[in-house]
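Reading through the structure tokens given below for one structure.
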Amino acid sequence: MNNAADPKSSLFWPYLASVCRYARGRAVVSLTLLIVLGLAEGIGLLMIIPLLQLIGFGGTAGSGGITAGIGQLLGLAGLPLTLPVILGVYVALVAASAAASRFRDVLNMEIVQGFTLFLRNDLYGDLTRVDWLSFTRIRASDLTHVLTAAMEMVGIGIQQLLMLVSILVIAVVNLAVAFTLSPAMTALALVTGGLLLLILRPLNRQALDTGGKLHQARQEMFGVISDHLGGMKVAKSYGLENHFAHHFRLATGRLVHQFLDFTRTNAATRMFFEIGAAVALSLFFLGAVQIFHLPAAYLLLLAFLFARLLPKLSLAQQNYQRVCNILPSYGAVRAMQARLVRE
């Protein structure tokens, strides 16, 4: 059985490890930027509480512990706890975060393109060193597919992986901010999110399986094209054009079918997550108002936090499924490389 058609979830960690080994210092810088950006976002969110209290929403400016802590930090910097100062600090945090995000995006693209280039050149180097007899045993279309389409999918997978890490870091910071406001409500949100992810686990496995079938369908299409082009003279001589056209239509039809299968899986995941998140958010607000009696300013900020957090978690789930869908392509690249070295 073709390994690409039966992918293993254990490919995820070798994939991540190989990217980190290649990126080295740049991976550390990227991760540091993600943490700093997440912290900056968290601090910016906490600034909303004194801002709300300064304009008379939810009590006086000095009533909250978080407000008092921010006031002390501003005092150490020689700044008063006033509306212009709060707004100025918030704008400065957003500007610094935007500049750091720009640098991070460029750095991440360098990692993506550099890793893809490294893998492609390494594989092609192994190809140039293989002996002729071993080379004739390898189907040309398989090599072409791995060096082109599969390699591009590996690069796309790195982009999805970096985005996934970014979302998770920001989600952790948002949860930490929420925890400072209401530990009980944050714990309830974490339990609910964990249950949602557990319910969606079968769909993640389905996405991994679909990725293997999608890779196989692409490989089959490349094979039909290669065989036709390689045997064009024979096809013309014996009138086999319709034969190749029929096989090409079958291959492209299977490819479209696999794309649609993955889209259905991804859409189903998003649908179930959004429904579950709506139910969880409703229960969350019911508990916050009727059981925990949170202050208005805290309740408003929690509402803002979770309204931002739930779409991020949904996006993280989708990114993880896309990475799972791409893992078989990485497995095919490594399998071809191992075959060339072994031969």
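The values are calculated or read from the model by the stated rules, or taken from the named source; none is laboratory data. What you are looking at is a predicted structure, and each value in this text was computed from that prediction instead of being measured. Note: ideal-geometry Cβ built from the backbone for every residue, glycine included; neighbour counts use all protein chains shown. Note: accessible area is taken over every heavy atom of the protein model, side chains too, but ligands, DNA and RNA are not part of it. Shrake-Rupley method; radii C 1.70, N 1.55, O 1.52, S 1.80 Å.
I'd like the FRET efficiency for GLN72 and ALA17, computed as 1/(1 + (r/R0)^6) with the beta carbon distance as r and R0 of 45 Å, rounded to 0.05.
0.55
Between the entries (i) 5, 19, 24, 21, 14, 9, 5, 2, 1; (ii) 5, 25, 33, 23, 11, 3, 0; (iii) 5, 26, 37, 26, 6, 0, the label attached to P(r) over Cα pairs in 10 Å bins from 0, in percent calculated for this structure is (i).
Against the empirical curve 2.2 N^0.38 Å, the C-alpha radius of gyration of the range 230-279 lands at a ratio of 2.10. The magnitude of the dipole of the chain, with charges of +1 and -1 set on the Cβ of Lys/Arg and Asp/Glu and taken from the Cα centre, is near 480 debye. When the chain is treated as a Gaussian network with alpha carbon springs shorter than 10 Å, the biggest mean-square fluctuation among GLY125, GLY193, GLY223 belongs to GLY125.
Counting only heavy atoms of protein chains, what accessible area per residue, in Å², does the range 71-200 have with a probe of 1.4 Å? Mind showing how you got there, number by number?
Values: 6800 Å² over 130 residues.
For the range 71-200, the per-residue accessible area is 52 Å².
Given the rule -39500 (n - 2.57) for each run of at least 4 DSSP H residues, summed and divided by the residues of the chain, what is its mean residue ellipticity at 222 nm, to the nearest 500 deg cm²/dmol?
Calculated mean residue ellipticity at 222 nm is -30000 deg cm²/dmol.
Each other residue within a Cβ distance under 13 Å of PHE259 adds +1 if Lys or Arg and -1 if Asp or Glu, for a net charge of +4. With all protein chains kept in place, the per residue accessible area of the range 201-343 amounts to 52 square angstrom at a probe of 1.4 angstrom. The Rg/Rh ratio of the range 180-244, with Rg taken over Cα atoms and Rh as the Kirkwood radius over Cα pairs, comes to 1.55.
Of the accessible area of the chain, computed with a 1.4 Å probe over protein heavy atoms only, carbon and sulfur atoms account for 69 percent. For the chain, modelled as a GNM with alpha-carbon contacts under 10 angstrom, which of HIS215, HIS145, HIS246 fluctuates the most? For the chain, modelled as a Gaussian network with Cα springs under 10 Å, the answer is HIS246. Can you tell me the relative contact order of the chain? Whole percent, Cα pairs under 8 Å, sequence separation 6 or more. That works out to 33 percent. Here the Gaussian network model covers the chain, with springs between Cα atoms less than 10 Å apart; of ALA316, ALA303, ALA17, ALA17 fluctuates the most. Tell me which of PHE244, GLN160, GLY211 sits at the most positive position along the dipole axis of the range 140-257, charges placed on C-beta atoms (Lys, Arg +1; Asp, Glu -1). Checked the options; the winner is PHE244.
Which helices count as membrane-span-like in the chain under these terms: full DSSP H, at least 18 Å along the axis by C-alpha, Kyte-Doolittle mean of -1.0 or more? Display every interim value, and only then the final one.
Values: long enough: 25-46 (32 Å, 1.85); 83-129 (68 Å, 0.74); 151-181 (46 Å, 2.05); 183-199 (24 Å, 2.06); 201-230 (44 Å, -0.69); 241-290 (73 Å, 0.37); 296-342 (67 Å, 0.57).
For the chain, where a helix must reach 18 Å along its axis and average at least -1.0, the hits are 25-46, 83-129, 151-181, 183-199, 201-230, 241-290, 296-342.
Starting from the Cα of LYS312, draw a straight line to each of the aspartates and glutamates and keep only those under 17 Å, dropping any in the same chain fewer than 8 residues away. Correct list for LYS312: GLU41, GLU274.
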